[in-house]
Amino acid sequence: MNRELDHLVPMDFKNADQVPDTHTWVDSPCINSSSSDESVPLIDLEDLQAVEKIKMACENWGVFQVINHGIPVALFAEIENQARRFFALPREQKLLTLRSPGSPTGYGIIPISRVFNSLMWMEGFTMSGSPMEIVRRVWPQDYSPFCTAIDDYQEKLMGLAVKITSLIFKSLGLSDEDVEWFNPKSTEAFLHLNSYPKCPDPTRALGMVAHTDSSLITLLYQSNTDRGLQVIGPNHNWVDVEPISDAIVVNVSDLLQITSNGRFKSVTHRAIVSEAHHRISIPFFFGPKIDVNISSPLKLINDGDFSMYRPISWKEYREIKGVHFDKALEAVRFNNSVVIEKDNAQTTGNEASLGDNVEALKV
Ligand code: OGA
Ligand code: NI
């Protein structure tokens, strides 16, 4: 199998009794994982102080968990159940739904995997919109329980993501006019089902490499197994994000770091694997329509100061992320000669900066 395919097709994890060299990470995080007594903030969305708490969490952590979010627990159970049903299929069947390069929907290894030499101990099913056309290949008659659960989940999560985004904007003191590029009725999302099979030697493997998400925010449901998701906390060490059965994890992602002009940091996170449990996680990557330009409102830029990042659409940012990975936010920074003139609300030096960045992309 060639390298390109290697990086799309997951191995057969069933009956794997050792971690092959292809999946070995020399500095596997299970070894250097420090146990921390800090924990990710937990916020009750019905709390009258929710906005204030969200602000603190976004500033200090870039991640929080929410409860009282209005998503029925039964829906989590159902989508997890459908995800497990899919991943339990024989490998040949799952491969019938293999995602083709460039397509958002289908089975495979997540795209960031291309950047690394070692492979991650995971398999995924990604989609944007309905997966019906593709899952019919494995369940010609019986696709509806899977598709119904996915449709229902995407619809509910879209509502919740809009709500949390507006609370976050409120916490930054932004009005609708300040973020006119954000139209709550016209948004975009990508839903992933991640499967982390039991691993015979978690000290040599890695579920998902450390990264930040490119969306505005990410809402992640994780199965109530054991530890798996970890984030870099305020003290710069890895902290476990405890699974809480009716909570959703909310990540500040790259586009929100751009919007907030760097006040809210996109959280670095990763997933480790377990010998005892097959873990499922379901991130919902949310943002405005992918071709809408996002920029930091003037309100968040001190007079005479700089906008840290140039205006950019999610679509273009994803492409840059595909090339630059963890340097993508750096790649879209305005060079420091770009001063925001509040009076005429124009940026100067814009073109030069764009040119520089386009050059950088060709590297
Ligand atoms: C992701 C991700 C973490 C997890 O899919 O972007 O960070 O716990 N997943 O699966
Ligand atoms: Ni992520």
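Read-outs: derived from the displayed coordinates by stated rules, not from any lab. Predicted, not measured: the structure shown is a model, and the values here were computed from it. In this analysis, Cβ positions are derived from the backbone assuming ideal geometry, glycine residues included, and neighbour counts consider all displayed protein chains.
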Out of GLN141, GLN49, GLN230, a Gaussian network model of the chain with alpha-carbon springs under 10 Å gives the largest mean-square fluctuation to GLN141
Suppose the chain between ASP47 and ILE67 were pulled fully straight at 0.36 nm per residue; how much longer would it get relative to their current alpha carbon spacing? 6.2 nm
As a test, work out the antiparallel percent of DSSP beta bridges whose residues both lie in the chain, rounded to the nearest 5. 90
In order through the stretch 206-216: 3J(HN,Hα) via Karplus (6.51 cos²θ - 1.76 cosθ + 1.60), integer Hz, x for Gly, Pro: 9, x, 9, 5, 4, 6, 10, 8, 8, 5, 7
In deg cm²/dmol and to the nearest 500, what is the mean residue ellipticity at 222 nm of the chain if only DSSP H runs of at least 4 residues count, each as -39500 (n - 2.57), divided by the residue total? -8500 deg cm²/dmol
Degrees between helix 50-60 axis and first principal axis of the chain (Cα, 0 to 90, nearest 10): 90
With labels modelled as points extended 7 Å from the Cα through the Cβ direction, what inter-label distance (nm, one decimal) is found for ASP142 paired with VAL162? 3.6
Where the only charges are on Cβ atoms (+1 Lys, Arg; -1 Asp, Glu), what is the dipole of the chain about its Cα centre, to the nearest 20 debye? 680
Acute angle (nearest 10 degrees) that the helix 144-171 long axis makes with the longest principal axis of the chain, alpha-carbon atoms: 30
In what sequence, highest mean first, do 209-218, 175-184 appear when ranked by Cβ atoms within 10 angstrom? 209-218, 175-184
Tell me which of PHE264, TYR309, LEU229 sits at the most positive position along the dipole axis of the chain, charges placed on C-beta atoms (Lys, Arg +1; Asp, Glu -1). LEU229
The stretch 221-295: mean projected area of Cα convex hull, nm²: 6.1
Listed residue pairs exceeding 20 Å between alpha carbons, taken from LYS163/LYS289; LYS185/LYS289; LYS265/LYS289: LYS265/LYS289
Report, in debye and to the nearest 20, how large the dipole of the stretch 179-248 comes out about its Cα centre when Lys and Arg carry +1 and Asp and Glu carry -1 on their Cβ. 180
In the stretch 99-197, the trypsin sites (Lys or Arg not before Pro) that fall in loop regions by DSSP, at most 10 other Cβ within 10 Å: LYS185
What does the chain give for Rg and for Dmax, in Å, if only its C-alpha atoms count? 20.5, 66
Hey, with R₀ at 45 Å, roughly what FRET efficiency would ILE244 and ASP303 work out to, going by the Cβ-Cβ distance, to 0.05? 0.60
Modelling each spin label as a point 7 Å along the Cα-to-Cβ direction, I'd like the ASP37/ASP176 distance in nm, to one decimal. 4.8
Return the single residue from TYR107, TYR317, TYR143 with maximal mean-square fluctuation; model: Gaussian network over the chain, springs between Cα atoms under 10 Å. TYR143
Dipole magnitude (debye, nearest 20) for the stretch 59-156, charges at Cβ of Lys, Arg, Asp, Glu: 400
Please list the three semi-axes, largest first and in whole Å, of the ellipsoid equivalent to the stretch 80-173, using sqrt of 5 times the eigenvalues of its alpha carbon gyration tensor. 28, 20, 11
